[in-house]
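*Asks:* Submitted below is the structure of interest, expressed as structure tokens.
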Amino acid sequence: MEDSWHQLQPKTGFLVRLADRLTDQSWQTLTQLYQPIIGPSATGLFSALFWLPQRETYKRHAILLAELGLDLAHLYAARLRLEATGLLTTRVKTEGDLSSFVYELHAPLAPQDFFKDDLLSVQLLGVVGEDLYQALVTANTVTARSSDEEQNITKNFLDVFHVDGDELRDIPEVVTSNRQNLTTTSSAPDLSADKVQFDFKLLGELLERSFVDTRAVGKYRQLLLTEHATYGLDEPTMARYIGEATDLATNIFNPEQFKRIVAQAFGYQHRGEAVSAPASSAASMPSAAASTAKGASSAEQALIKVASASAPVKFLQGIKQSTGGFVTDGEQRIVRDLVSRQLFPESVLNLMIYHVLVDENKPTLNKNLLDTIANDWSKSKVSTPELAIQKIRERQQALSKPRRSRRQQLTVKETLPDWAKKPSGAAQAPTTAKLTDEQQKQLQQRIARLEARSKGKED
């Protein structure tokens, strides 16, 4: 089930299970490395689920809402971030009209594994910047310290224990059979990006002509796929960036430097050829509005063709260049986050970007707006650019109606009531008319006495 937002209510039940054992190092990693990515609300939700008394018995979500001071929308957003970073697995169970959730907590990756993970490390770099990222690497990794005066006299296993060589060549069946039933060290979900079309054979041939050790680079295959999917790097460009991230003296490829080079390459406005995205919005094209739900107008077909052939960052860059703008660092992070979620094909993501910048006429990408659209499209299972075009039409039609209604309501509210339009004199007249004859007589006598006293003082 892709989206269970509609099932989440304060009275909905849930229970918590632990998939891994958490250590002090786990909590430090969660705070220092994960929190910049997922935010304090998601970190608080992880902690609340872990320390919940009797967590393996069903409780209501109202407990979490009260403890964290969040509403359902923010609690759901925090849960999604835990799921996306592999810290939480969510399962839903439905019986009749009642639904309940099982939240399975996973331990944060060890710092070394975190920095080796392409999606997590690239996202952290984009959030905290290069200087703080390097400081976090230094603080969370252990560097072996030794001097020339120290001699290593540590004994290995075979120096201490006697092992028959025949036993190692023929491993007992009880050992091998149990190994097959063991899970991996970490039970966290796989965060690998979807496989994309990339010619690693061509990349290898290009690297063989240089000084780069292709076997060392082969260990970072997933990193190369992630950067290719996000930025649309072709094989020659990828080879050039790999060369720039390789030490000339040692021929060692530095993956962290490679990430920085790629991020910096798209951190500024490029002067290259812009993507020729159609300038007019889908809402303003008569042919688009008149086209059928199943078909697409010629302008929409051209837009779909460009969106299907461009990587998200390059597509964004093309729109910005056509309007005289530039891609900000924040927009890079937003696009990378959309790609890492693996909810839509790149063509659908590009149409989402186009809709926000062109149809909505926004100067920059807004994360909250994109999250709203992404949730709607995910619930509707938008998987093709044609379906994305249809959702754009539906959204424009839905937005046009409330705007007219709000204007009408404002007109009614701003109309002054009848009593407010009467002159001040008319409003005071009824006050005198309410006096009785006796009261008017007494009032005239008081006025006469005041006038007499005034004249006596003057005389």
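The values are calculated or read from the model by the stated rules, or taken from the named source; none is laboratory data. What you see is a predicted model; the values in this text were computed from it and never measured. Here Cβ is always computed from backbone atoms with ideal geometry, including for glycine, and neighbour counts include all displayed protein chains. For the accessible areas, the whole protein counts, side chains as well, though only heavy atoms, and no ligand, DNA or RNA atoms are used. Shrake-Rupley method; radii C 1.70, N 1.55, O 1.52, S 1.80 Å.
*Asks:* Mind telling me which of the residues 77, 62 ends up being more than 14 Å from the chain's Cα centre (by Cα), modelled with pLDDT under 95 and part of a helix (DSSP H, G or I)?
*Replies:* Step by step, each of 77, 62 is checked, and only 62 is more than 14 Å from the chain's Cα centre (by Cα), modelled with pLDDT under 95 and part of a helix (DSSP H, G or I).
*Asks:* Any idea which residue in segment 340-381 is farthest from residue 226 (Cα to Cα), counting only those that are assigned to a helix (DSSP H, G or I) and basic (Lys, Arg)?
*Replies:* So, considering only residues that are assigned to a helix (DSSP H, G or I) and basic (Lys, Arg), the one farthest from residue 226 (Cα to Cα) is 379.
*Asks:* Just give me the residues in segment 313-344 being farther than 19 Å from residue 80 by Cα, of a type outside the set (Gly, Ala, Ser) and either touching a Ser or Thr at 6+ places or on another chain (Cβ under 8 Å) or open to solvent by 30 Å² or more (accessible area, probe 1.4 Å) (or both), in sequence order.
*Replies:* Scanning segment 313-344 gives 313, 314, 321, 323, 326, 328, 329, 331.
*Asks:* May I pose another question? Please work out if residue 388 is within 24 Å of residue 327 (Cβ to Cβ), modelled with pLDDT of 85 or more, open to solvent by less than 60 Å² (accessible area, probe 1.4 Å) and more than 18 Å from the chain's Cα centre (by Cα).
*Replies:* Answer is yes for this residue.
Rundown of residues vs (1) within 23 Å of residue 224 (Cβ to Cβ); (2) touching a Gly at 6+ places or on another chain (Cβ under 9 Å); (3) among the hydrophobic types (A, V, I, L, M, F, W, C); (4) open to solvent by 20 Å² or more (accessible area, probe 1.4 Å), yes/no style:
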| residue | (1), (2), (3), (4) |
| --- | --- |
| 46 | no, no, yes, no |
| 71 | no, no, no, yes |
| 74 | no, no, no, yes |
| 79 | no, no, no, no |
| 106 | no, yes, no, no |
| 137 | yes, no, yes, yes |
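*Asks:* Then there's this: Among the listed residues 51, 27, which satisfies the condition of being open to solvent by 70 Å² or more (accessible area, probe 1.4 Å), more than 22 Å from residue 94 (Cβ to Cβ) and of a type in the set (Phe, Trp, Tyr)?
*Replies:* 51
*Asks:* When you go through 86, 13, 39 one by one, which is the residue that is surrounded by fewer than 18 Cβ atoms within 10 Å (Cβ to Cβ), of a type in the set (Gly, Ala, Ser) and under 30 Å from residue 330 (Cβ atoms)?
*Replies:* Sole residue among the options that is surrounded by fewer than 18 Cβ atoms within 10 Å (Cβ to Cβ), of a type in the set (Gly, Ala, Ser) and under 30 Å from residue 330 (Cβ atoms): 39.
*Asks:* In segment 288-319, which residues are modelled with pLDDT under 80 and in contact with a Pro (Cβ under 7 Å, 6 or more places away or on another chain)?
*Replies:* 299
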